[in-house]
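To keep things clear, I will list the structure first and then write my remarks on it.
Derivation of every value follows stated rules applied to the coordinates shown; laboratory data play no part. Please read all numbers here as calculations on a predicted model, not as lab measurements. Every residue, glycine among them, receives a Cβ derived from its backbone with ideal geometry; neighbour counts consider all protein chains shown.
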Amino acid sequence: MIPKNVLFFFPYHEGPAGVNILFLRMADYLADDTDLKIHLVDYPNGYMISHNKNPKIEVLEFVPHQPLPIPYDSAVIFQTLPPWYIPNELKLREDTKLLFWTLHPYNLLMYFRLNRLRKPYYYSLGAAYLKHLMRRFTAILVQHRGIAFMDGENRKAAEEVIGTSIQKPVYVPVASGPVNRQAFKYFDSFAWLGRLADFKTPILLRTIEAAWRYSLEYKQKLDFHIIGDGPEREKVRKFAESLHCQYFEVQMVGEIEEWEIEQQLASRASVLFAMGTSALEGARIGMPTILLDFSYNQVNSDYKYNYLFEAYDYTLGREIGGDGYQPGLRSFEQVINELRDPDHFQRVSDRCCQYYSYNHNVAAVSHRLLEALMVSELRYEKITSLQNNILMRAIKAVRGSKQF
């Protein structure tokens, strides 16, 4: 059974991000399409609360150091996170149903990849015990079917943590808005859509450089529009400015509102390069979309690209060089030369939109999310032993009520 109250928990101060946009979109659809009581848990000035326009959704303001009781007969949906990230202010009942939606492999693997994340040495001092806690926690989630995966990469992360394969994993792909197919024709202007964050920047820089080299070789005017903002903005801007070519121009568009995305993409570019939910924004309007992979390190110049519809297990970006990583099929040059052919461009446009409609439209994903809530047998009481662990309490005390 699905409890009558469903809460989406993601307090976040720093504007739009993949998770809060996704949670708000799902909450909005479920509030209109079901009889469930839908709630958003966010900071008073957080993105979800400030952008919610649906009067059927109840907002629950998360304020540090103030208890936030959870309604009776509730299910809480979290982005998968370590148990010590669940704040003490959130007063979960023993019988509260939980579902952890795994939207990034490193939410599980962060203590198994400290070297790749370039964390200071002192992070590793307690890493062995933190790994042990994460194994126990993840095993509990899997045992009680309280974990869902956006794609195969996230499933593999959980399998690495617990050291065994997961039988009958529950997949809930990420969703974007409704299909709104538009007519596109190729012109020499490309776009990146997404937050400028540490694990995204290396592949963005590699793609910008590939476009620059293409313009030099073919003496072809190319524009590259970077739509999004984040802590790596200056790094990207300086890199783009270092590429001197009369044929190539990078435009830093910056952060835009969700309602602007469709118009900005359609007016600025004919091809989208993106990962995660950002890749879906192009596909749903019929824009040929190149699915990028992520890395925390510099990406080699021989990186190969795939179209979105060539993804498998709903994957919207793989870790370059990770276990089981398979390179793409085409160089940047091959991608662009293919898309210059009008017939091929149209086929790619059609297939990207079809792939989106079948796998990632909000109606289909909402149905999968409700199924995941239905089968979850995870109650808060199952993880209280971890919550009451002495080291866990110490970690939470040090961490405080930082955002999630």
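For a protection proxy built on the mean count of beta-carbon atoms within 10 angstrom, sort 302-310, 77-85 highest first, please.
Answer by packing, highest mean first, reads 77-85, 302-310.
K304: which lysines have alpha carbons under 27 Å from its alpha carbon, excluding same-chain residues fewer than 8 sequence positions away?
In chain and number order, the partners are K156, K185, K200, K219, K221, K235, K238.
Provide the percentage of antiparallel DSSP beta bridges, counting only those with both residues in the chain; round to the nearest 5.
Approximately 10 percent, going by the DSSP bridge assignments.
Sort 163-169, 246-252, 101-107 for me by packing, meaning the mean count of neighbouring Cβ atoms within 10 Å per residue, highest on top.
Ranking the peptides 163-169, 246-252, 101-107 by packing returns 101-107, 246-252, 163-169.
Can you compute the helix-only [θ] at 222 nm over the chain? Use -39500 (n - 2.57) per DSSP H run of at least 4 residues, normalise by all residues, nearest 500 deg cm²/dmol.
-11000 deg cm²/dmol
Taking N as the number of residues in the chain, what value does Rg over Cα atoms divided by 2.2 N^0.38 Å take?
On the way: Rg = 21.4 Å, N = 404, 2.2 N^0.38 = 21.5 Å.
The value comes to 1.00.
Compute the Cα gyration tensor for segment 125-204, then decide on rounded, prolate or oblate, letting a ≥ b ≥ c be the square roots of its eigenvalues: rounded whenever a/c is under 1.5, prolate when a/b is larger than b/c in the other cases, and oblate in all that remain. Intermediate values should be presented prior to the final figure.
Values: a/c = 3.63, a/b = 1.83, b/c = 1.98.
In terms of gyration-tensor shape, oblate.
At each listed q (0.21 Å⁻¹), what is the log10 of I(q)/I(0) that the Debye formula gives for segment 1-160 modelled as equal alpha-carbon point scatterers?
-1.46
State log₁₀ I(q)/I(0) for segment 1-69 at q = 0.14, 0.21 Å⁻¹ as given by the Debye formula over alpha-carbon point scatterers of equal weight, solvent excluded.
Taking Cα atoms of segment 1-69 as identical point scatterers yields -0.38, -0.83.
Taking N as the number of residues in segment 222-269, what is its alpha-carbon radius of gyration divided by 2.2 N^0.38 Å?
So segment 222-269 has a normalised radius of gyration of 1.23.
Looking at the calculated P(r) for segment 139-186, what percent of the C-alpha pair distances fall above 17 Å?
45 percent
Starting with the highest mean, order 19-28, 269-278 by the number of other Cβ atoms within 10 Å, averaged over the residues of each peptide. Write out the running numbers ahead of the final one.
Values: 19-28: 22.9, 269-278: 24.7.
Ranking the peptides 19-28, 269-278 by packing returns 269-278, 19-28.
Just from the alpha-carbon atoms, what are the Rg and Dmax of segment 230-346 in angstroms?
15.1, 42
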